[in-house]
Amino acid sequence: MDRNQVIGLVLILLMLIGYQLLVPQPEEPQPIAQEQTTTSPSASAPTDTLPPQLDSTEVRARYGTFAAAAQGQPQDVVIETSDVRVVFSNKGGVIKEVLLKKYKTYDQKPLYLISEEHNRFRLNLPTQTGSVDLTDLYFTTSAENRTLSEQDSAVITYRMALAGNQFVEQTYVVRGSGYEIDYNLRSGGIGQANQALRFGWTNNLLQLENDLNENRKSADIAYFTDEVSTVGKGSPESSATDKADASVRWFTLKHKYFISGLIAKSQPLENVEMKADVNTADSSVVKTLNVEASIPVAALQQGKANFSFYIGPNDYQVLRKVNAEDFDRNVDLGYAFLKPINKYFLVPLFSFLERFISNYGLLIICLVLIVKTILMPLTYKSYVSMAKMRLLAPELEELKKKNPDDLAKQQQDQMKLYQQVGVSPLSGCVPVLATMPILFSLFFLFPNLIELRQQSFLWAHDLSTYDSFINLPFRIPFYGSHVSLFTVLMTASSIVYAYYNNQMTPTQPGPVNMKFLSYVMPLMFMFVLNSFPAGLTFYYFVSNIVTIGQQLLIRRLVDEDKIKRILDENRLKNAKGEKKQSKFQKYLEKSLQAAEEAKKKQAELEKRPGKKK
């Protein structure tokens, strides 16, 4: 060891000794007498309570005008209704807990949308001496614990009286039913009028449903400016941030089936910033959602900072009654062209059936029967079209034999035949395509129907999630580690339906074998839908069975000999020019003429001298 190293070690040793001698050791804090409370265990004093041993000089230096409210004992006010149990705290004058009494978590535990350990509000008020977080201070209230009847309401006012008649006041109104809590924030003579209070809300979304990955895909922040936007939707592993480019009228922190949100009644929120964080190592928290927004201090001083909290189920029938524009769009009803079908047909029909049928499996069966009855004329038309094609199958086969290697010629000959007998090959597809919007609408509706949550049917314990009939000891890529029996039954019925249709439909010429695809598609959907709600796959399964039954019934009612006579009559009328051509037939005729002309020109070019053969 050289001389410089020895000198360095000695200096470090002297510094440590001097620090121990010159810097006083902190005194051990005296234990605080705990106040007995009558509410839940979470009513105990938070760990971030200001240490009471600070003297008045330190308190005044840290909190200035708010020094008198810097210390106190936490006290709770509990308001119970038929729907919720809300706990308010005098520390910060904030909502501390919200328990939804009519719902349970997936493992049948009490369902808290707001809990002290996983929720944090912030109210940073700018003053002449700096910004103060009001949620660190203690308010006073005369409100008491109450249990409300359905017609009652409770007003909880938290007031912080300051020197010089200055004050900050927060008022909540809880009604005897429902999930809205009115909220008013007011100040008198405090705060910088030309600045803004910064409101913050951070919530760790707890796992309320059994499928963590699907929960993370569904969890997001929704907000409304002049349209509804989302942050973090469909991102099960990555974080997302956003900043609103206009004033925000409301925002919500969304679980799959529950939401917590703030609605601006008079003063919109400004400079709103949002962030959705995912910690894949923590399976107890779905996502951490955070919103920061500005509320002008002038609005507080003028009594215009009026809001309402909505903390409850993401239920379309409930949300549409909330007095906020497009608030019901927190329930995803699909793409714009599908929403009218869900909003004005399927959702009202589902709600109507709920009045009479308590078993949701039977309700889904009734829903299928009603929808299929409405679509029966289209199904009939589709079957008749397939019957025509089946009667033409022998002639189509003969045409294929004439030109086995010329696909273009086969298609031209088929179009000529269709024109002669007055048949449109698309007439069978159009009725099927007309039913597709309903199937797609259900694809979006069922995963968002809270009514199916924790409703059992047969072996499915919860129709809002997949039915895990068999749990696999390994995970199959793109499939999962479970087998959904309803999905398997849906796939099997789809293959049977495809086989039935293929027996009645002649093979069309083309590079793609459509009959083969009709078997492949159900297998693909088996992988896609394996983790989708059992209610959806059960609907598709029943729908396939009913469709096959309709086809068999129609087959008994349709006179195919009569259809053949009509085709022969059309052939004769077209040959004589007596039958008026349809638009499709005119289109076929023009297409055929164009094809013939192109073929003649090609033949002429090939006959010219000098053309290479």
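See the values below:
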read-out: Calculated Rg and Dmax of segment 315-400 using C-alpha coordinates, Å; value: 20.5, 68
read-out: Net lengthening on full extension, GLN301/THR373 (0.36 nm per residue, minus Cα-Cα); value: 19.8 nm
read-out: Segment ASN502-SER149, extension gain: residue separation times 0.36 nm, minus the distance between their alpha carbons; value: 120.8 nm
read-out: Between segment 157-230 and segment 96-125, the alpha-carbon center distance in angstrom; value: 14 Å
read-out: Kirkwood Rh and Cα Rg combined as Rg over Rh, evaluated for segment 189-311; value: 1.03
read-out: Between segment 520-565 and segment 440-510, the alpha-carbon center distance in angstrom; value: 13 Å
read-out: Packing-based order for 141-154, 80-93, using average beta carbon neighbours within 10 Å, highest first; value: 80-93, 141-154
read-out: Solvent-accessible heavy-atom area per residue, rounded to whole Å², over segment 308-382 at 1.4 Å; value: 49 Å²
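The values are calculated or read from the model by the stated rules, or taken from the named source; none is laboratory data. These numbers were taken from a predicted model, which means no experiment stands behind them. Note that each Cβ is placed from the backbone with ideal geometry, even for glycine, and that neighbours are counted across all protein chains shown. Heads up: the accessible areas ignore ligands, DNA and RNA and are worked out on the full protein's heavy atoms, side chains in. Shrake-Rupley method; radii C 1.70, N 1.55, O 1.52, S 1.80 Å.
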